[in-house]
Structure formats: C-alpha cells, structure tokens
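> Sharing a structure with you now.
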Amino acid sequence: MIERWGHCGRGWLLLMALFSAAQTLAGTESAALAPTPLRLMLAWQPQAQFAGYYVALERGFYREAGIETSILDMDDALSPLEALRAGEADLSILWLSTAIQARAEGLPLVNVGQVFQRSSVVLIARAGSGVHRLSDLNGRRVGIWRGDPSLPVEALLRAQALEVKRVPQSVTVNLFLRGGVEAMSGMLYNEYHRLIDAGLEPEDLTVFRLSEYGIDFPEDGLYVLEQTRHEKSAVIDAFIAATRRGWERAFADPEGTIELVLKYQRAKRIPANRVHQRWMLEQVRAIMGSPGEAGWDWQLRRADIERVGKELRRLGMINAISDDIEGLRVQ
C-alpha cells in the first residue's frame, strides 16, 4: 500500500509541476501580449476637433496596435503642457507656439505628429460696431483666452501694435453675445460657428483670420517628452499609425463619427449640438486634407519652427530661440 501511494504521490507531484509550469508560461505569454498603457491629453473638451482619436479608440485600432489608450481632456487634468510636465500624460496636443515657448524655457518636448499644418485662429467683431479693419480694435474690449491658447492672439496684437482692453474669455461665446466685449478670440471651426448657431448672420460679423496677417502658427501637434520618445519609440510610432487610421475612418463615416463625438460630450455633460459638430468635422477635414495630399504626412516642417520661433523672439514672447530648437522635430 505504501509503495502504491509512493508511486501515486510522485505522479501527482509531477502533474502539479507540469500544471504550474504551464500556468507560468501562459502568464509570461500574457504579459508579453499585454497592451502598453498610454495617456493622451487633448487640448480642449470633447468635440469633433478630436474625432480621429475617439474613432481609433472605439474601433479598437489602438488595441490592435498593442496600446491601451486613455484619452484625457481639459476637465480631467492640468493643461496639456502642464500634464506633460507633471507626468500625468504621455502625449499631449499642443500648438507650435506653445511648444516653442516651452522648449525655449528648457522643457525637452518632441513633436511626433503635426496633425494640423496651419492656423484657424480668428478675431471676431460685430460688423455694426464700427470694426472693419484691425486698427479699429484700438481701445476696444477684446476677449482673450487664458493661458497657452492666447499666444497667437497676443502675437497678432503685438505685431500690429494694437492697444486693446484685454478681457479674460471663458469657454462660451456669451460675453460677446451680451456685449461684454466688442471682439473675441475664436477658432473658425468652433466659436465662429457658435455665433452663427446663436442667430447671428455671417454679414453681422467681421472676421480677422490671423493667418492673413502673418500669424499662421500651426496648431494641433502631438508632443511627448524626449525621455518618453526614447523609451517608447515603437509604441509612439504604433500610436501615430493607429491615430491616422482613426482619422481616415472618421472622415469616411462622418455621421457615425458625429454620433460618437456626441456620446463623449454627453458623458461629460457638455451641451451636444449635432449641427455644430458636423460643421466642425467638415472644417477640420479642410484643415487636415485627405490621405495623399500635402500635409497628410504629419511632419513638422523645419521652416515652420524657424518662422514661428523668430516671430515669437521678435515680438518679445520668448527671451531667446533655444540652440536645440531643432530638437522639436523627430530626427
């Protein structure tokens, strides 16, 4: 009996050892296949400006690329720049003017994808207020965003030597509608259409596009810290490829994309307006172009870095152009 139990005991121990080894192997393979977490910080609240990222997430493009992507927005954390600085985001959407200023101050930023190649910032005034030329803004109350988004508008005011009464501008257009300011900052794809949506006609508004006055600073670029780029190079490249797929799908199915954007807005209790989001998606497509067109390579141009950097330096908005400003571009 003892001999029989000895044989059985050794067999049982062998079986358990094999089972344990199989579990260890499965755990190792599972760990190897586990997606890499990556946190993306948007430059604003959920809206069609960021549709491609939502589509890439919901369609599983990031998962297929081996990435577990978390999308943060301005209600979730600090500003995009501060989120990167504090380590609360791995990637952030920044405007080139912000990135150059931060790099000049010593933050080692790297652009890994320039999604928007040009500017859509505008100043908007009521046509009936007597503002027909930029010089007519002298002495007027002008709504200006707080923080980093104010840089292009401030650059325009300095370049045109305009003396205005700066009024902090919130996320709504209510201050303008109520007459609290005579002009306001805006995006062609956002605030301008919100005013139209509120009942104003295009002929009621005088719109100054900053790009027409030499302040054509490229916007939405994807930035990481140098250390992140060094440590997660392959993951970042996979993220960019998946994001590109997301934008392609977003433009191929605009109505489905708008529905997805509205879902994210409702989840954040943001007023969801289908007509406005449709307008925004159309305008963003015009900014980005289509696959195969110029700009779709998502490369940050050296000429743009030099041009914007020199303009910020000339206007006294940065103390000096960093010797390694070229480091903003992926080499």
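The values are calculated or read from the model by the stated rules, or taken from the named source; none is laboratory data. What you are looking at is a predicted structure, and each value in this text was computed from that prediction instead of being measured. Glycine also receives a Cβ, built like all others from the backbone with ideal geometry; neighbour counts cover every protein chain displayed. What goes into the accessible areas is simple: the full protein's heavy atoms, side chains included, and nothing from ligands, DNA or RNA. Shrake-Rupley method; radii C 1.70, N 1.55, O 1.52, S 1.80 Å.
> Six or more apart or on different chains, Cβ under 7 Å: which pairs go from a residue in region 38-52 that's charged (D, E, K, R) to one that's open to solvent by less than 10 Å² (accessible area, probe 1.4 Å)? Could you list them?
Every condition considered, the pairs that remain are R39/A89.
> Could I ask something else about it? Taking region 36-63 as the region of interest, how many residues are open to solvent by 40 Å² or more (accessible area, probe 1.4 Å) and not aromatic (F, W, Y)?
Within region 36-63, residues that are open to solvent by 40 Å² or more (accessible area, probe 1.4 Å) and not aromatic (F, W, Y) number 8.
> Just a yes or no: is a residue in region 211-224 among the polar types (S, T, N, Q), closer than 30 Å to N138 by Cβ and modelled with pLDDT of 95 or more?
yes
> Any residue in region 232-252 that is over 30 Å from P35 (Cα atoms), of a type in the set (G, A, S) and without any contact (Cβ under 8 Å) to a residue 12 or more places away in the chain?
Looking for residues that are over 30 Å from P35 (Cα atoms), of a type in the set (G, A, S) and without any contact (Cβ under 8 Å) to a residue 12 or more places away in the chain, one finds none in region 232-252, hence no.
> Within the bounds of region 302-317, is there any residue that is on the phi < 0 side of the Ramachandran plot, in a loop (DSSP other than H, G, I, E, B), open to solvent by 80 Å² or more (accessible area, probe 1.4 Å) and modelled with pLDDT under 95?
no
> Just to be sure I understand the filter: pairs with C-beta atoms under 6 Å, separated by 6 or more residues or on different chains, first member in region 305-331 and farther than 21 Å from Q160 by Cα, second member modelled with pLDDT of 90 or more and assigned to a loop (DSSP other than H, G, I, E, B). Which pairs pass?
Cβ pairs passing all conditions: R329/L300.
> Could you please let me know if R39 is among the basic types (K, R), part of a strand (DSSP E or B) and over 11 Å from the mean Cα position of the chain (by Cα)?
Spelling it out, R39 is indeed among the basic types (K, R), part of a strand (DSSP E or B) and over 11 Å from the mean Cα position of the chain (by Cα).
> Another question, if that's okay. Could you please give the count of residues in region 190-205 that are assigned to a helix (DSSP H, G or I) and under 18 Å from Q47 (Cα atoms)?
So the answer is 7.
> If only one of A286, A272 is within 14 Å of P46 (Cα to Cα), small (G, A, S) and out of contact with any Pro (no Cβ under 7 Å at 6 or more places or on another chain), which one is it?
A272
> Here is a further query. How many residues, within region 186-199, are surrounded by 21 or more Cβ atoms within 10 Å (Cβ to Cβ) and in contact with a Leu (Cβ under 7 Å, 6 or more places away or on another chain)?
Total meeting the criteria: 1.
> Looking at region 145-186, which of its residues are more than 25 Å from the chain's Cα centre (by Cα) and among the aromatic types (F, W, Y)?
Result: F176, single match.
> Return the total of residues in region 171-185 being open to solvent by 10 Å² or more (accessible area, probe 1.4 Å) and not in a loop (DSSP other than H, G, I, E, B).
3
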